[in-house]
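The values are calculated or read from the model by the stated rules, or taken from the named source; none is laboratory data. As the structure is a computational prediction, the values presented were derived from the model and not from experiment. Every residue, glycine among them, receives a Cβ derived from its backbone with ideal geometry; neighbour counts consider all protein chains shown. Only protein heavy atoms, including side chains, enter the accessible area calculation; ligands, DNA and RNA are left aside. Shrake-Rupley method; radii C 1.70, N 1.55, O 1.52, S 1.80 Å.
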Amino acid sequence: MRLVVDLNRCQGYAQCAFLAPDVFAMHGEESLLYNPHADETQREQVLRAATACPVQAILVDDLGDASGEGVGREGLSGVR
C-alpha cells in the first residue's frame, strides 16, 4: 500500500494522526509527517484516516500487492 498526502490541501486537522498514529504524526501544530509506504497491517487505520480527513488530502494507492514488495518501506515524508 502506498499513500500520498497533498500537503497543499492538508490543513493540519490531525484526524489522521489520531486514527493512524503509527503512520501519521504531527510535527508542531501544522506540519504532518507520514510513512508513504504504510504496512498492510495498518490498512484499516489508514483507510479510516483517509476517510476522516476533512479536506480529503490523503490518497491511498492500492497496488494490489499485499506483499509490499518493490518500493522501500522506511522513512517519513511530508514536512511542509
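Taken about its Cα centre, region 1-68 carries a charge dipole of roughly 140 debye when the Cβ of each Lys and Arg holds +1 and the Cβ of each Asp and Glu holds -1.
How many Å² of accessible area per residue for region 1-57, probe 1.4 Å? Can you show the working numbers first?
Numbers: 3200 Å² over 57 residues.
In whole numbers, region 1-57 has 56 Å² accessible per residue.
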